[in-house]
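Worksheet for the structure shown next.
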Amino acid sequence: RWEWGSANLAGGKPLRHPLGLILGISAVVVGHAFLLCYFFLHRRRCLGDTMPIQSRGAVPYVFSEALAGHLAQPGGFLLLGLYLTITWVFDLLPDAYYEFEGNIRYTQVFACLVVQDLVQHVMHRVEHVAHPKVYKVSHKPHHKFTNPKLFDAFDGSVPDTAIMILLPLFVTAHVVRGCNVWTYMAFGSTYANWLTLIHSEITFPWERLFRRIGLGTAADHHIHHKFFKYNFGHLFMWFDWLVGTYRDPQFVWGKEFNVGV
(Lines give C-alpha, C1' and ligand atoms only; values in the text may rest on other atoms or scores of the structure.)
Protein backbone atom coordinates (compact mmCIF):
# COMPACT_ATOMS: atom_id res chain seq x y z
CA ARG A 1 0.00 0.00 0.00
CA TRP A 2 1.31 3.43 -1.02
CA GLU A 3 -0.51 5.64 1.47
CA TRP A 4 1.85 6.15 4.42
CA GLY A 5 5.55 6.91 4.42
CA SER A 6 8.15 5.95 6.99
CA ALA A 7 8.88 9.45 8.39
CA ASN A 8 6.85 10.69 11.35
CA LEU A 9 5.53 14.03 12.50
CA ALA A 10 6.51 15.31 15.94
CA GLY A 11 3.35 13.83 17.43
CA GLY A 12 4.18 10.36 16.12
CA LYS A 13 1.79 10.37 13.16
CA PRO A 14 3.48 9.21 9.94
CA LEU A 15 3.73 11.50 6.93
CA ARG A 16 1.85 10.50 3.80
CA HIS A 17 3.84 8.62 1.17
CA PRO A 18 4.82 11.00 -1.67
CA LEU A 19 4.06 8.58 -4.53
CA GLY A 20 0.54 9.93 -5.11
CA LEU A 21 1.85 13.49 -4.93
CA ILE A 22 4.58 12.76 -7.49
CA LEU A 23 2.09 11.08 -9.83
CA GLY A 24 -0.35 13.97 -9.47
CA ILE A 25 2.21 16.68 -10.20
CA SER A 26 3.53 14.61 -13.10
CA ALA A 27 0.00 14.35 -14.54
CA VAL A 28 -0.36 18.15 -14.43
CA VAL A 29 3.06 18.61 -16.04
CA VAL A 30 2.35 16.13 -18.85
CA GLY A 31 -1.14 17.54 -19.46
CA HIS A 32 0.21 21.07 -19.57
CA ALA A 33 2.96 20.05 -21.98
CA PHE A 34 0.34 18.67 -24.37
CA LEU A 35 -1.67 21.90 -24.03
CA LEU A 36 1.37 24.05 -24.82
CA CYS A 37 2.24 21.94 -27.87
CA TYR A 38 -1.35 22.23 -29.10
CA PHE A 39 -1.36 25.99 -28.52
CA PHE A 40 1.95 26.43 -30.33
CA LEU A 41 0.52 24.73 -33.43
CA HIS A 42 -2.89 26.40 -33.13
CA ARG A 43 -1.32 29.86 -32.80
CA ARG A 44 0.57 29.22 -36.05
CA ARG A 45 -2.71 28.13 -37.71
CA CYS A 46 -1.39 24.62 -38.32
CA LEU A 47 -4.63 23.13 -36.96
CA GLY A 48 -7.13 25.43 -38.65
CA ASP A 49 -8.05 29.08 -38.68
CA THR A 50 -8.24 31.30 -35.61
CA MET A 51 -8.47 35.01 -34.86
CA PRO A 52 -7.56 37.43 -32.08
CA ILE A 53 -10.36 37.92 -29.59
CA GLN A 54 -9.99 41.68 -29.25
CA SER A 55 -10.30 43.97 -32.26
CA ARG A 56 -7.03 45.75 -31.49
CA GLY A 57 -5.28 42.43 -32.12
CA ALA A 58 -3.29 40.12 -29.90
CA VAL A 59 -0.36 41.48 -27.93
CA PRO A 60 2.83 40.50 -29.83
CA TYR A 61 5.32 38.34 -27.96
CA VAL A 62 8.11 35.80 -28.44
CA PHE A 63 6.71 32.35 -27.65
CA SER A 64 9.83 30.98 -25.94
CA GLU A 65 10.25 34.05 -23.73
CA ALA A 66 6.58 34.10 -22.74
CA LEU A 67 6.71 30.36 -21.99
CA ALA A 68 9.72 30.78 -19.71
CA GLY A 69 7.98 33.58 -17.82
CA HIS A 70 4.79 31.53 -17.54
CA LEU A 71 6.56 28.56 -15.95
CA ALA A 72 8.62 30.71 -13.57
CA GLN A 73 5.78 32.77 -12.06
CA PRO A 74 6.08 32.59 -8.24
CA GLY A 75 2.33 32.98 -7.93
CA GLY A 76 1.71 30.17 -10.39
CA PHE A 77 3.01 26.62 -10.57
CA LEU A 78 5.64 27.13 -7.86
CA LEU A 79 3.05 28.16 -5.27
CA LEU A 80 0.63 25.49 -6.46
CA GLY A 81 3.35 22.85 -6.11
CA LEU A 82 4.08 24.03 -2.57
CA TYR A 83 0.39 23.86 -1.67
CA LEU A 84 0.03 20.36 -3.11
CA THR A 85 3.13 19.14 -1.27
CA ILE A 86 2.11 20.51 2.12
CA THR A 87 -1.51 19.38 1.98
CA TRP A 88 -0.51 15.91 0.72
CA VAL A 89 2.48 15.04 2.90
CA PHE A 90 1.01 16.45 6.11
CA ASP A 91 -2.28 14.56 5.69
CA LEU A 92 -4.51 17.62 5.28
CA LEU A 93 -6.82 16.02 2.70
CA PRO A 94 -9.70 13.57 3.23
CA ASP A 95 -8.57 9.95 3.51
CA ALA A 96 -10.10 8.96 0.16
CA TYR A 97 -7.67 11.24 -1.70
CA TYR A 98 -4.79 8.93 -0.75
CA GLU A 99 -6.43 5.75 -2.04
CA PHE A 100 -5.15 4.10 -5.22
CA GLU A 101 -7.99 1.61 -5.57
CA GLY A 102 -10.40 2.09 -8.47
CA ASN A 103 -10.34 4.28 -11.55
CA ILE A 104 -11.09 7.92 -12.30
CA ARG A 105 -14.51 8.84 -10.88
CA TYR A 106 -15.75 11.26 -13.52
CA THR A 107 -18.76 12.48 -11.54
CA GLN A 108 -16.37 13.45 -8.76
CA VAL A 109 -14.10 15.25 -11.25
CA PHE A 110 -17.10 17.25 -12.47
CA ALA A 111 -18.21 17.98 -8.90
CA CYS A 112 -14.72 19.23 -8.03
CA LEU A 113 -14.68 21.54 -11.05
CA VAL A 114 -18.09 23.00 -10.16
CA VAL A 115 -17.32 23.51 -6.47
CA GLN A 116 -13.89 24.95 -7.26
CA ASP A 117 -15.39 27.45 -9.69
CA LEU A 118 -18.18 28.41 -7.30
CA VAL A 119 -15.79 29.15 -4.44
CA GLN A 120 -13.37 30.85 -6.83
CA HIS A 121 -16.22 32.99 -8.18
CA VAL A 122 -17.07 34.11 -4.65
CA MET A 123 -13.46 34.88 -3.75
CA HIS A 124 -13.01 36.70 -7.06
CA ARG A 125 -15.96 38.94 -6.22
CA VAL A 126 -14.60 39.49 -2.71
CA GLU A 127 -11.24 40.61 -4.07
CA HIS A 128 -12.96 43.14 -6.33
CA VAL A 129 -15.38 44.64 -3.80
CA ALA A 130 -14.14 43.96 -0.25
CA HIS A 131 -11.77 46.92 0.08
CA PRO A 132 -9.54 48.90 -2.32
CA LYS A 133 -6.43 47.88 -0.36
CA VAL A 134 -7.34 44.20 -0.62
CA TYR A 135 -7.82 44.56 -4.38
CA LYS A 136 -4.56 46.51 -4.75
CA VAL A 137 -2.34 43.90 -3.07
CA SER A 138 -4.14 40.84 -4.41
CA HIS A 139 -5.97 40.93 -7.73
CA LYS A 140 -5.01 44.27 -9.25
CA PRO A 141 -1.58 43.06 -10.52
CA HIS A 142 -3.38 40.48 -12.68
CA HIS A 143 -5.70 43.14 -14.10
CA LYS A 144 -2.86 45.01 -15.74
CA PHE A 145 -3.64 42.65 -18.61
CA THR A 146 -6.66 44.21 -20.32
CA ASN A 147 -5.88 42.20 -23.46
CA PRO A 148 -4.44 39.00 -21.94
CA LYS A 149 -2.53 36.24 -23.66
CA LEU A 150 -2.45 32.58 -22.67
CA PHE A 151 0.82 32.96 -20.79
CA ASP A 152 -0.67 35.61 -18.49
CA ALA A 153 -2.87 33.00 -16.79
CA PHE A 154 -0.76 32.72 -13.63
CA ASP A 155 0.89 36.13 -13.78
CA GLY A 156 -0.47 37.77 -10.65
CA SER A 157 0.42 38.17 -7.02
CA VAL A 158 1.02 35.53 -4.36
CA PRO A 159 -1.97 36.79 -2.29
CA ASP A 160 -4.18 36.53 -5.37
CA THR A 161 -3.21 32.89 -5.94
CA ALA A 162 -3.69 32.10 -2.25
CA ILE A 163 -7.13 33.72 -2.05
CA MET A 164 -8.60 32.79 -5.41
CA ILE A 165 -6.98 29.43 -6.20
CA LEU A 166 -5.49 27.73 -3.14
CA LEU A 167 -8.30 28.47 -0.68
CA PRO A 168 -10.95 27.22 -3.15
CA LEU A 169 -8.84 24.11 -3.79
CA PHE A 170 -8.73 23.32 -0.08
CA VAL A 171 -12.46 23.94 0.36
CA THR A 172 -13.24 21.79 -2.69
CA ALA A 173 -11.23 18.87 -1.32
CA HIS A 174 -13.25 18.93 1.89
CA VAL A 175 -16.61 19.32 0.14
CA VAL A 176 -16.05 16.66 -2.53
CA ARG A 177 -14.55 14.08 -0.19
CA GLY A 178 -14.84 10.90 -2.29
CA CYS A 179 -12.00 11.41 -4.78
CA ASN A 180 -9.24 8.85 -5.04
CA VAL A 181 -5.70 9.54 -6.28
CA TRP A 182 -6.64 9.16 -9.95
CA THR A 183 -9.69 11.40 -9.66
CA TYR A 184 -7.70 14.10 -7.88
CA MET A 185 -5.08 13.93 -10.64
CA ALA A 186 -7.72 14.24 -13.37
CA PHE A 187 -9.32 17.20 -11.64
CA GLY A 188 -6.01 19.00 -11.08
CA SER A 189 -4.84 18.58 -14.66
CA THR A 190 -8.21 19.63 -16.13
CA TYR A 191 -8.45 22.66 -13.85
CA ALA A 192 -4.91 23.93 -14.50
CA ASN A 193 -5.24 23.59 -18.26
CA TRP A 194 -8.72 25.10 -18.47
CA LEU A 195 -7.64 28.06 -16.35
CA THR A 196 -4.78 28.59 -18.77
CA LEU A 197 -6.88 28.26 -21.93
CA ILE A 198 -9.39 30.96 -20.93
CA HIS A 199 -6.58 33.53 -20.95
CA SER A 200 -5.78 32.83 -24.61
CA GLU A 201 -5.50 35.80 -26.92
CA ILE A 202 -6.99 33.80 -29.82
CA THR A 203 -10.12 31.72 -30.32
CA PHE A 204 -10.49 27.94 -30.15
CA PRO A 205 -12.87 25.82 -32.27
CA TRP A 206 -14.98 24.63 -29.31
CA GLU A 207 -15.84 28.05 -27.90
CA ARG A 208 -19.26 28.61 -29.51
CA LEU A 209 -20.49 25.24 -28.22
CA PHE A 210 -19.02 25.93 -24.79
CA ARG A 211 -20.72 29.31 -24.58
CA ARG A 212 -24.14 27.84 -25.36
CA ILE A 213 -23.95 25.57 -22.33
CA GLY A 214 -22.21 28.02 -20.01
CA LEU A 215 -18.69 26.65 -20.05
CA GLY A 216 -16.02 29.32 -19.71
CA THR A 217 -14.22 30.47 -22.85
CA ALA A 218 -11.35 32.81 -23.62
CA ALA A 219 -13.76 35.43 -25.00
CA ASP A 220 -15.85 35.24 -21.82
CA HIS A 221 -12.77 35.84 -19.71
CA HIS A 222 -11.52 38.65 -21.96
CA ILE A 223 -14.79 40.41 -21.11
CA HIS A 224 -13.72 40.38 -17.46
CA HIS A 225 -10.22 41.64 -18.18
CA LYS A 226 -11.55 44.37 -20.45
CA PHE A 227 -14.51 45.61 -18.38
CA PHE A 228 -13.69 44.30 -14.85
CA LYS A 229 -17.28 44.05 -13.55
CA TYR A 230 -18.58 41.09 -15.56
CA ASN A 231 -17.85 37.36 -15.90
CA PHE A 232 -16.27 36.55 -12.56
CA GLY A 233 -16.50 32.83 -13.24
CA HIS A 234 -13.68 30.94 -14.89
CA LEU A 235 -14.67 27.40 -15.78
CA PHE A 236 -18.42 28.01 -15.83
CA MET A 237 -20.56 31.05 -16.47
CA TRP A 238 -23.51 29.57 -14.55
CA PHE A 239 -22.92 31.58 -11.40
CA ASP A 240 -22.65 34.82 -13.36
CA TRP A 241 -25.95 33.91 -15.04
CA LEU A 242 -27.52 33.43 -11.61
CA VAL A 243 -26.36 36.72 -10.10
CA GLY A 244 -26.67 38.86 -13.24
CA THR A 245 -22.97 39.55 -13.86
CA TYR A 246 -22.65 37.73 -17.17
CA ARG A 247 -21.97 39.66 -20.36
CA ASP A 248 -21.94 37.80 -23.68
CA PRO A 249 -18.98 38.68 -25.93
CA GLN A 250 -21.48 39.19 -28.78
CA PHE A 251 -22.49 42.48 -27.16
CA VAL A 252 -19.12 43.97 -28.12
CA TRP A 253 -18.65 42.30 -31.51
CA GLY A 254 -17.43 44.86 -34.02
CA LYS A 255 -16.43 47.18 -31.18
CA GLU A 256 -13.87 46.03 -28.66
CA PHE A 257 -14.03 42.40 -29.86
CA ASN A 258 -13.81 40.86 -33.30
CA VAL A 259 -17.05 39.57 -34.82
CA GLY A 260 -17.47 35.83 -34.35
CA VAL A 261 -15.31 35.28 -31.29
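The values are calculated or read from the model by the stated rules, or taken from the named source; none is laboratory data. These numbers come from a predicted model, not from an experiment. Cβ placement follows ideal geometry from the backbone for every residue including glycine, while neighbour counts extend to all protein chains displayed. Ligands, DNA and RNA are stripped out before the accessible areas are found, and what is left, the full protein with its side chains, is counted by its heavy atoms. Shrake-Rupley method; radii C 1.70, N 1.55, O 1.52, S 1.80 Å.
Can you go through LEU71, LEU67 and tell me which one is modelled with pLDDT of 95 or more, assigned to a helix (DSSP H, G or I) and open to solvent by 20 Å² or more (accessible area, probe 1.4 Å)?
LEU67
Conditions (1) aromatic (Phe, Trp, Tyr); (2) closer than 15 Å to GLY188 by Cα; (3) modelled with pLDDT of 95 or more, marked per residue:
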{"position": "THR85", "(1), (2), (3)": "no, yes, yes"}
{"position": "TRP88", "(1), (2), (3)": "yes, yes, yes"}
{"position": "PRO94", "(1), (2), (3)": "no, no, yes"}
{"position": "TYR98", "(1), (2), (3)": "yes, yes, yes"}
{"position": "ARG105", "(1), (2), (3)": "no, yes, yes"}
{"position": "GLN108", "(1), (2), (3)": "no, yes, yes"}
{"position": "CYS112", "(1), (2), (3)": "no, yes, yes"}
{"position": "VAL115", "(1), (2), (3)": "no, yes, yes"}
{"position": "LEU118", "(1), (2), (3)": "no, no, yes"}
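Among (1) out of contact with any strand residue (DSSP E or B) (no Cβ under 8 Å at 6 or more places or on another chain); (2) open to solvent by 30 Å² or more (accessible area, probe 1.4 Å); (3) touching a residue at least 12 places away in the same chain (Cβ under 8 Å), there is one condition GLY20 misses while meeting the rest; what is its number?
The failed condition is (2).
Output the qualifying pairs, or none if there are none: Cβ atoms under 6 angstrom, residues six or more apart or on different chains, first residue in the range 102-119 and on the phi < 0 side of the Ramachandran plot, second residue among the small types (Gly, Ala, Ser) and open to solvent by 10 Å² or more (accessible area, probe 1.4 Å).
Within 6 Å, the pairs are ILE104/ALA186; GLN108/GLY178; VAL109/ALA186.
Restricting to the range 217-251, give me the number of residues that are in contact with a helix residue (DSSP H, G or I) (Cβ under 7 Å, 6 or more places away or on another chain) and under 26 Å from VAL109 (Cβ atoms).
Within the range 217-251, residues that are in contact with a helix residue (DSSP H, G or I) (Cβ under 7 Å, 6 or more places away or on another chain) and under 26 Å from VAL109 (Cβ atoms) number 13.
Within the range 51-88, restricting attention to residues that are aliphatic (A, V, I, L, M) and under 30 Å from LYS255 (Cβ atoms), which residue is nearest to the chain's Cα centre (by Cα)?
Per the stated criteria, the residue is ALA66.
Please give the number of the condition THR146 fails out of (1) in contact with a strand residue (DSSP E or B) (Cβ under 9 Å, 6 or more places away or on another chain); (2) among the hydroxyl-bearing types (Ser, Thr, Tyr); (3) assigned to a helix (DSSP H, G or I).
Exception for THR146: condition (3).
Condition check ((1) open to solvent by less than 80 Å² (accessible area, probe 1.4 Å); (2) over 19 Å from the mean Cα position of the chain (by Cα)) across all residues:
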site	(1), (2)
PHE90	no, yes
TYR98	yes, yes
GLN108	yes, no
LEU113	yes, no
VAL122	yes, no
HIS131	no, yes
TYR135	yes, yes
SER138	yes, no
HIS142	yes, no
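Any idea which residue in the range 144-179 is most open to solvent (accessible area, probe 1.4 Å), counting only those that are of a type in the set (S, T, N, Q) and more than 16 Å from the chain's Cα centre (by Cα)? Quick ask: steps written out before the conclusion?
Just the residues of the range 144-179 that are of a type in the set (S, T, N, Q), to begin with: 146-147, 157, 161, 172.
If we keep only those that are more than 16 Å from the chain's Cα centre (by Cα) as well, we get 146-147.
Numbers: THR146: 47, ASN147: 16 Å².
The residue in question is THR146.
Could you tell me which of the residues GLY233, GLY214 is modelled with pLDDT of 95 or more and surrounded by fewer than 21 Cβ atoms within 10 Å (Cβ to Cβ)?
Criteria check complete, one pass: GLY214.
Of all residues in the range 180-194, count the ones that are open to solvent by 30 Å² or more (accessible area, probe 1.4 Å) and closer than 18 Å to GLN73 by Cβ.
Looking only at the range 180-194, we keep the residues that are open to solvent by 30 Å² or more (accessible area, probe 1.4 Å), and these are 182, 184-185, 190, 194.
Applying the additional criterion that residues be closer than 18 Å to GLN73 by Cβ yields 194.
Residues flagged as open to solvent by 30 Å² or more (accessible area, probe 1.4 Å) and closer than 18 Å to GLN73 by Cβ within the range 180-194 amount to 1.
Can you tell me how many residues within the range 74-112 are in a helix (DSSP H, G or I), among the hydrophobic types (A, V, I, L, M, F, W, C) and over 30 Å from GLU201 (Cβ atoms)?
5
Condition first: of a type in the set (Asp, Glu) and modelled with pLDDT under 95. Can you find one or more residues in the range 3-25 that meet it?
Step one: list which residues in the range 3-25 are of a type in the set (Asp, Glu), which gives 3.
Filter again for modelled with pLDDT under 95, leaving 3.
Scanning the range 3-25 turns up at least one residue that is of a type in the set (Asp, Glu) and modelled with pLDDT under 95.
Can you pull out every residue in the range 32-54 that is free of Cβ contacts under 8 Å to residues at least 12 places away in the same chain and surrounded by 13 or more Cβ atoms within 10 Å (Cβ to Cβ)?
Residues satisfying the conditions are TYR38, LEU47.
Within the range 222-261, track down each residue that is of a type in the set (Val, Ile, Thr) and more than 27 Å from THR190 (Cα to Cα).
Result: VAL252, VAL259.
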